[in-house]
Amino acid sequence: MGHFLIIGAGIGGLTAAYALLRLGYTVRVYEAAPELREIGAGVVLGANAMRALDTLGLHEAVHARGFVVDSIGLLDAHGRPLNVVDTRPFTRRLGFDNLAIHRAELQQALLAALPPDTVQLGKRLASFEQTAEQVTIRFDDGTAATGDALVAADGIRSRVRLQLLPNTQPRYAGYTCWRGIMDATGLPLVPGRTTETWGRHGRFGVVPLANGRAYWFACINSSTPRNPEFQRYTLADLQRHFGHFHAPVPQVLAHTPPGQLLWGDILDLRPLPRFHFGRVLLLGDAAHATTPNMGQGAGMAVEDAAILARCLQEFPHDWPAAFARFTKQRRPRTTRIVEQSWQLGKVAQLTNAPLVSLRDWVMRHLPRRINEQQMAFLYEGE
Ligand SMILES: Cc1cc2nc3c(=O)[nH]c(=O)nc-3n(C[C@H](O)[C@H](O)[C@H](O)COP(=O)(O)OP(=O)(O)OC[C@H]3O[C@@H](n4cnc5c(N)ncnc54)[C@H](O)[C@@H]3O)c2cc1C
């Protein structure tokens with residue numbers, strides 16, 4: 001039927017591989033890393049992502065390893081609610097949960113669904129070229145491979161995208177982020193309730209995971225990316241920064257093993273005009289990386305895979321046409337998420353005291369209708 005080359009074995013690449021194999025194509029995924037070892041942090045898959053996984057036949061495999069999220073609480077530094085949303089009525093109506101999952105377990109679930117040898121490790125793409133009939137990819141190790149089409153799922157710094165569109169470097173959001181996983185046994189976390197606390201000098205999120213663990217993230221403004229001061233930050237520094245936040249934030253930090261601390265700047269991509277380039281398609285973060293404020297980056301990658309399958313069912317032998325249809329369908333939704341998430345991040349990271357008070361007042365008085373409209377947009381998906 002046709003042979004697909006996929007670059008990148010992240011959430012997007014693995015899900016797309018499964019979707020394409022199911023349609024009867026042959027697929028090979030090339031991954032730069034020498035081993036598949038997802039970073040030790042969690043991710044929340046919205047009901048939209050769970051629905052997309054369901055259309056692909058991957059829902060049960062993923063759901064079994066996750067932990068259902070049934071409420072999303074936005075709090076102030078004292079732990080007072082600013083906006084708490086019970087997502088259950090909504091997700092029950094949709095028939096799909098919001099799910100918190102350890103990244104390594106999500107990756108394992110996706111990988112286990114693929115035939116062995118689908119993913120080739122230690123293959124870093126250097127460049128590609130395409131003709132009217134085929135695509136050839138070249139690796140750093142001097143080898144090459146050829147296929148009918150190329151799906152670039154190689155993340156925010158995608159080499160494929162930078163070859164096509166050299167001026168699409170990631171944009172720095174102005175804040176930097178730490179993440180960790182810890183054993184939450186004995187801590188007063190409400191099962192199924194994720195919280196995000198907005199202070200004046202940073203915010204802190206806690207997400208209960210399966211098996212008594214929890215995932216947390218902490219964001220602080222930094223005028224420059226790769227700030228050496230923050231690069232050196234330890235759990236003790238974070239404790240100084242967030243120690244005055246309500247319980248259990250200081251306890252969550254205190255329970256985190258030092259080796260579990262991850263750090264990175266928050267980046268996204270300015271929306272691209274298109275994701276299709278003849279026989280080449282950008283997918284996931286390579287196409288539309290977003291700041292994590294709406295918890296939708298991985299969800300968008302999973303939705304991409306499901307929509308790609310739908311486009312290929314429409315044009316099974318005309319890859320450029322299928323890819324063009326993909327852009328048409330995915331660009332409006334992903335652009336809206338990237339832009340809203342960018343704005344939300346600016347609001348969440350405010351430091352000016354009067355503006356913070358105003359923000360908190362607005363969040364406290366947000367009409368239910370707005371929350372419901374936002375849930376409908378995020379979770380009903382395409
Ligand atoms: C702090 C933070 C929190 C987040 N929280 C959430 C959340 O709660 N919910 C959510 O939905 N999303 C969240 N996200 C976003 C989510 O992590 C990403 O959107 C998602 O991982 C993107 O998947 P991907 O497969 O497109 O890209 P990636 O996961 O980046 O995978 C790309 C893969 O390509 C490989 N690669 C790169 N270059 C090459 C090359 N040249 N050759 C071969 N292989 C290559 C990489 O090694 C990697 O394995 C968060 C992101 C951050 C930073």
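Positive end of the charge dipole of region 88-204 (Lys, Arg +1 and Asp, Glu -1 on Cβ, about the Cα centre): tell me which of P115, S127, T91 has its Cα farthest that way.
T91
Cβ under 13 Å from F277's Cβ, F277 left aside: what net charge do those residues give with Lys, Arg +1 and Asp, Glu -1?
Details: positive: R161, R274, R279; negative: E129.
Once all neighbours under 13 Å are counted, the net charge is +2.
Kirkwood hydrodynamic radius, computed over distinct alpha-carbon pairs, for region 90-220: how many Å, to one decimal?
Result for region 90-220 stands at 19.1 Å.
What ranking do 157-169, 198-210 get when scored by the average of other Cβ atoms within 10 Å per residue, highest first?
Per-residue Cβ counts within 10 Å, averaged per peptide and sorted highest first, yield 198-210, 157-169.
Considering only H246, N293, L366, whose Cα is most displaced toward the positive end of the charge dipole of the chain, charges sitting on Cβ of Lys, Arg (+1) and Asp, Glu (-1)?
Ranked along the dipole, the leading option is L366.
Given 0.36 nm per residue, what is the gain on full extension from R22 to L262 after removing their alpha carbon distance, in nm?
Extending this stretch completely gives an extra 82.9 nm.
Using 1/(1 + (r/R0)^6) with R0 = 22 angstrom and r between the beta carbons of R368 and R193, what's the FRET efficiency to the nearest 0.05? Write out the running numbers ahead of the final one.
On the way: r = 18 Å, r/R0 = 0.83.
Efficiency computed from Cβ-Cβ geometry: 0.75.
Report the Cα-based extents of region 244-314 along its three principal axes, largest first, to the nearest Å.
54, 24, 23
Would you work out the relative contact order for the chain, in percent, from Cα pairs under 8 angstrom that are 6 or more residues apart? Please report the intermediate quantities before stating the final value.
Values: 788 pairs, mean separation 83.5, N = 382.
Answer for the chain is 22 percent.
Would you mind working out the magnitude of the charge dipole of region 41-172 relative to its Cα centre, with +1 at each Lys and Arg C-beta and -1 at each Asp and Glu C-beta, to the nearest 20 Debye?
Working: 14 positive and 14 negative charges, 88 e Å.
So the magnitude is around 420 debye.
Counting only DSSP beta bridges with both residues in the chain, what percent are antiparallel, rounded to the nearest 5?
70 percent
Using only DSSP helix segments of four residues or longer, with each worth -39500 (n - 2.57), what per-residue ellipticity at 222 nm results for the chain after dividing by its residue count and rounding to 500?
Roughly -11500 deg cm²/dmol at 222 nm, from the helical runs in the chain.
What's the center-to-center distance, using Cα atoms, between region 153-178 and region 349-382 in Å?
28 Å
Would you please give the residues with an amide H less than 5 Å from that of S127, counting only those at least 5 places away or on a separate chain, with H modeled from the backbone geometry?
Those qualifying (amide H under 5 Å, at least 5 residues apart or on another chain) are R138.
Using the per-residue mean of other Cβ atoms lying within 10 Å as a proxy for protection, in what order, highest first, do the peptides 287-298, 50-61 fall?
Ranked by mean Cβ neighbours within 10 Å, highest first: 287-298, 50-61.
How long are the three semi-axes of the equivalent ellipsoid for region 12-166, computed from the Cα gyration tensor as the root of 5 times each eigenvalue, in whole Å, largest first?
They are 35, 18, 15 Å, listed largest first.
List every DSSP H helix in the chain whose Cα atoms extend 24 Å or more along the helix's own long axis and whose mean Kyte-Doolittle hydropathy is at least -0.5. Each step should come with its number before you reach the end.
Numbers: long enough: 297-314 (26 Å, 0.58); 319-348 (41 Å, -0.77).
Flagged H segments are 297-314.
Using 0.36 nm per residue, how much length does the chain from R310 to A112 gain when fully extended, once their Cα-Cα distance is taken away?
Roughly 69.0 nm would be gained on extension.
How large is the charge dipole for region 315-372, taken about the Cα centre, if only the Cβ atoms of Lys, Arg (+1) and Asp, Glu (-1) carry charge, to the nearest 20 debye?
Numbers: 11 positive and 4 negative charges, 28 e Å.
Computed charge dipole of region 315-372: roughly 140 debye.
Can you work out D for the chain in µm² s⁻¹ from Stokes-Einstein, where Rh is the Kirkwood radius over C-alpha pairs, the temperature is 20 °C and the viscosity is 1.002 mPa s?
Result for D is 100 µm²/s.
Taking the Cα atoms of region 318-374, report the difference between the largest and smallest coordinate on each principal axis, in whole Å and largest first.
Principal-axis extents of region 318-374 (Cα, largest first): 56, 26, 8 Å.
Each reported figure results from applying straightforward, stated rules to the coordinates on display, with no laboratory input. Computed from a predicted structure; not experimentally measured. Backbone-built Cβ (ideal geometry, glycine too); neighbour counts: all protein chains shown.
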